[in-house]
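The block underneath contains the structure these notes are about, expressed in structure tokens.
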Amino acid sequence: MDWLVSLHAAQPFWLWLAVGVALLGIEATASTEWLLWPAVSAGLTALLTALTPRMGLPVELGVFAALTVVSTLLSRRLVKRVNPKEQPDINARDSRLIGAQARVVEAFNGGRGRVFVSGSEWAAVIDGASPLAGESVIVESVSGSLLKVRAA
């Protein structure tokens, strides 16, 4: 433990920078979204210790804690503003397809056919008139790998 105290006394910048890099590495590996802001706070604390040496460990810990709390709270507000709940999740591909315009690639026969939407081809069903290849349809719902569509 004495080696850590002497390292901090000699180079607090590098110690805080190592803490920040370690937290960032854990965040990149685990994708928790909770360690990003403490990692940034550790980096800012490292910068502060480089600019104002001899702050002392208790002050540095206080600065790190305050920066972590403030940056985490501000980030939550920013995320809510940038990614509102009304928008579908970027990873929920199926829900993003609803309302999208698709192009018929295989004519519908008996209410079943194939459409191209969002970069891939999907099996589709339709009620009513059967569109021909090349016509446009609108995606109404998604059930597994089957789209329910309507005429555009």
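Go through THR32, THR68 for me and flag whichever is outside any helix (DSSP H, G or I), open to solvent by less than 80 Å² (accessible area, probe 1.4 Å) and either touching a Pro at 6+ places or on another chain (Cβ under 6 Å) or within 29 Å of ARG96 (Cα to Cα) (or both). If you could, list the steps in order and put the result at the bottom.
Numbers: THR68 fails: outside any helix (DSSP H, G or I).
Testing whether each residue is outside any helix (DSSP H, G or I), open to solvent by less than 80 Å² (accessible area, probe 1.4 Å) and either touching a Pro at 6+ places or on another chain (Cβ under 6 Å) or within 29 Å of ARG96 (Cα to Cα) (or both) leaves just THR32.
Under 7 Å by Cβ, and 6 or more places apart or on different chains, what pairs join a residue from segment 22-36 that is closer than 20 Å to VAL69 by Cβ with one that is of a type outside the set (S, T, N, Q) and open to solvent by 60 Å² or more (accessible area, probe 1.4 Å)?
GLU27/LEU36; LEU35/ILE26
Filter segment 135-152 down to residues that are over 26 Å from the mean Cα position of the chain (by Cα) and modelled with pLDDT under 90, then give me how many there are. Give the steps one after another, and end with the answer.
Here is the first cut: in segment 135-152, the ones over 26 Å from the mean Cα position of the chain (by Cα) are 135-138, 140, 146-152.
Okay, now just the ones that are also modelled with pLDDT under 90, so 151-152.
Here the count works out to 2.
Any idea which residue in segment 96-146 is most open to solvent (accessible area, probe 1.4 Å), counting only those that are touching an Asp or Glu at 6+ places or on another chain (Cβ under 8 Å) and in a strand (DSSP E or B)?
ARG103
Restricting the first residue to segment 79-104 and requiring it to be closer than 20 Å to SER143 by Cβ, which pairs with a second residue that is modelled with pLDDT of 65 or more and charged (D, E, K, R) meet a Cβ separation below 6 Å and a spacing of at least six or different chains?
From segment 79-104, the pairs are PRO88/ARG96; VAL104/GLU135.
The values are calculated or read from the model by the stated rules, or taken from the named source; none is laboratory data. Worth saying up front: this structure is predicted, and the values here are computed from it rather than measured. Cβ: placed from backbone, ideal geometry, glycine included. Neighbour counts: every protein chain shown. What goes into the accessible areas is simple: the full protein's heavy atoms, side chains included, and nothing from ligands, DNA or RNA. Shrake-Rupley method; radii C 1.70, N 1.55, O 1.52, S 1.80 Å.
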